[in-house]
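S.K.: My questions will all concern the structure given below.
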Amino acid sequence: MQPQLKSKVRCLDRDVGEVSRVIMDPLSFEVSHLVVSMNGEGERQVPMAAVQIVTDGLVQLRSSSSEVVGMPPFKRDDYVTLHEVEIPGLEKHVHVTPGEVLVPFPELERNVKRRTFFANMTYVTGLFIGLPLAYPILKFLMKPMYAPFDNRWLKIGNIGKVKTDDTGVQFQYKRTLKEAYMPESEIEKNVWVVKATPAVLEKVYQGKDMEFRDAAGTAIWTNKKDMPYLAFSGKCPHLGCAFKWRKHKVLGQVFLCPCHLSIYDASGKVLDGPAPRSLDMLPIQVSASGEVQIVDMEFKAGTKSQTRIV
Ligand code: FES
């Protein structure tokens with residue numbers, strides 16, 4: 001006779017509980033263990049070899065109650081129910097409620113919850129199928145973000161436009177830009193050029209030439225400390241607004257940013273306002289014929305240190 005769920009379990013010395021589940025061997029279709037609920041002391045996994053006789057509503061063991069207490073506790077995660085696996089023909093051999101009949105969980109899946117295991121497998125399979133398809137698209141989208149900086153010299157006008165020392169003069173120019181995956185576009189930009197007196201040059205260079213490097217650290221140009229022309233990026237280092245050369249009631253001629261009223265002197269040094277650093281200097285050269293060229297660079301706004309972004 002097959003053990004029944006809820007059958008009383010009796011040891012040699014006393015009753016210890018009842019049958020709460022049945023574990024089957026999926027190959028032999030034999031009951032291999034009973035799970036015995038021990039009257040509030042957990043569940044034990046009792047091998048069928050310990051069963052002496054099964055009668056209607058009672059399972060008699062050939063073990064003492066202390067031996068049953070010493071048997072392995074039942075670990076639910078090590079088993080799956082017949083609802084979750086299909087073993088053809090197994091139910092015909094079992095005379096208990098199918099949902100309470102367990103079979104061992106496959107060894108390879110023991111450490112991963114079964115549903116998680118299959119879900120993860122689905123994701124991994126999807127990734128393997130999708131990655132080769134997505135790679136060219138991702139490469140196309142991301143390439144511009146990692147493109148090296150453009151360090152070409154741009155002609156912006158003739159230096160004859162700068163007539164007075166220590167005075168900001170705006171030069172406008174056009175630049176072709178490629179922003180991420182957007183098509184190329186031409187934008188108008190501006191830079192401020194100052195013909196600096198030695199006092200202003202000293203404030204800027206403090207006795208040292210200024211070297212510019214690319215993202216890889218290679219030097220691309222050096223502004224010589226005694227070359228009188230300075231070029232400042234047209235973007236305010238506070239939050240990137242455009243600033244102007246204006247007359248201030250107290251400070252005289254200054255660079256004034258109208259957005260949050262940052263004020264800079266002709267050397268680009270901050271005189272007032274929230275700007276975290278001086279105006280950003282750019283590489284500049286002036287040819288014998290007076291043609292002015294700069295390397296267009298942009299830097300992260302709002303930071304004390306200078307980080308190039310374009
Ligand atoms: S952006 Fe220039 S002061 Fe804020």
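The values are calculated or read from the model by the stated rules, or taken from the named source; none is laboratory data. These figures come from a predicted structure and were not determined experimentally. As a convention, Cβ positions derive from the backbone with ideal geometry for all residues, glycine included, and neighbour counts pool all protein chains shown.
S.K.: With respect to residue 31, is the statement that it is touching a residue at least 60 places away in the same chain (Cβ under 8 Å), assigned to a strand (DSSP E or B) and buried (at least 20 other Cβ atoms within 10 Å of the Cβ) true?
M.R.: Working: touching a residue at least 60 places away in the same chain (Cβ under 8 Å): yes; assigned to a strand (DSSP E or B): yes; buried (at least 20 other Cβ atoms within 10 Å of the Cβ): yes.
So residue 31 passes the test.
S.K.: Still on this model: Just to be sure I understand the filter: pairs with C-beta atoms under 6 Å, separated by 6 or more residues or on different chains, first member in the stretch 256-276 and in the same structural domain as residue 192 (by TED's automatic domain parsing), second member among the acidic types (Asp, Glu) and more than 6 Å from the ligand (Cβ to nearest atom). Which pairs pass?
M.R.: Cβ pairs passing all conditions: 263/272; 266/166; 271/265.
S.K.: Which of the residues spanning the stretch 252-274 are among the small types (Gly, Ala, Ser) and within 18 Å of residue 231 (Cβ to Cβ)?
M.R.: Matches in the stretch 252-274: 266, 267, 268.
S.K.: Sticking with this one: Which of the strands (runs of 3 or more DSSP E) found entirely inside the stretch 221-310 contain at least 3 residues meeting this: within 16 Å of the ligand (Cβ to nearest atom) and not aromatic (Phe, Trp, Tyr)? Steps first, answer last, please.
M.R.: Values: elements: 229-233, 244-248, 252-257, 262-264, 270-272, 284-286, 291-295.
So the answer is 244-248, 252-257, 270-272.
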